[in-house]
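Trainee: Let me give you the structure first, and then I'll get to my questions.
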Amino acid sequence: MQKILVVEDDFDIQELLQSFLQEAGYEVAVANDGVEAIDIFSNSRFDLILLDIMLPKIDGFTLCELIRRQSQIPIIMLTALNGEEEQIKGLDLPCHEGRSTISIQQN
């Protein structure tokens, strides 16, 4: 079974992602902040990381850089940020090479 690490501090989004991924047959671990994510990542093997950018303790940009020092695991960055500066910063990071930006705005 493939294993996914979800790094997200919003409990509702955590629950949604975890439920959806488990129903799709994935094993899921959840971290609430960047420090917890490093600890979980260091003690287990994952096939994919879903990474929020706006995290407490260590932000997603920094966490991505730290993970890249140890692994080439695919990382998909999730964010509510839609500013051009944040998108450029995210695209410049050594995350998964199949990059895309999608802006979702709530009405």
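Trainee: What is the set of long-range amide H partners of Ser71 at a cut-off below 5 Å, with H atoms built 1.01 Å from backbone N?
Mentor: For Ser71, whose amide H was placed from the backbone, there are no distant partners under 5 Å.
Trainee: Still on this model: Quick one: Karplus J couplings for the range 49-58, per residue in order, coefficients 6.51, -1.76, 1.60, θ = phi - 60°, nearest Hz, x for Gly and Pro?
Mentor: Result, rounded to whole Hz: 10, 9, 10, 6, 8, 8, 10, x, 6, 9.
Trainee: Starting from 0.36 nm per residue, how many nanometres of slack lie between Glu65 and Leu16 once their C-alpha separation is accounted for? Don't jump to the answer; show the numbers that get you there.
Mentor: Numbers: separation 49, 0.36 × 49 = 17.64 nm, distance 2.61 nm.
Full extension of this stretch gives 15.0 nm more.
Trainee: Alpha carbons only, please: Rg and Dmax for the range 3-92, in angstrom.
Mentor: Values for the range 3-92 (Cα only, Rg and Dmax): 12.5, 36 Å.
Trainee: Continuing with the same structure: If the only charges are +1 at each Lys and Arg Cβ and -1 at each Asp and Glu Cβ, what is the size of the charge dipole of the range 3-92 around the Cα centre, to the nearest 20 debye? The partial results should precede the final answer.
Mentor: Values: 6 positive and 18 negative charges, 102 e Å.
The dipole of the range 3-92 has a size of about 480 debye.
Trainee: Let me ask something additional. For the range 4-14, just list the computed ³J(HN,Hα) in residue order, Karplus coefficients 6.51, -1.76 and 1.60, θ = phi - 60°, integers in Hz, with x standing in for Gly and Pro.
Mentor: 10, 9, 9, 10, 7, 8, 8, 4, 5, 5, 3
We did not get these values from a lab; they are worked out from the coordinates using the rules stated. Note that this is a predicted model, so its numbers are computed, not measured. Backbone-built Cβ (ideal geometry, glycine too); neighbour counts: all protein chains shown.
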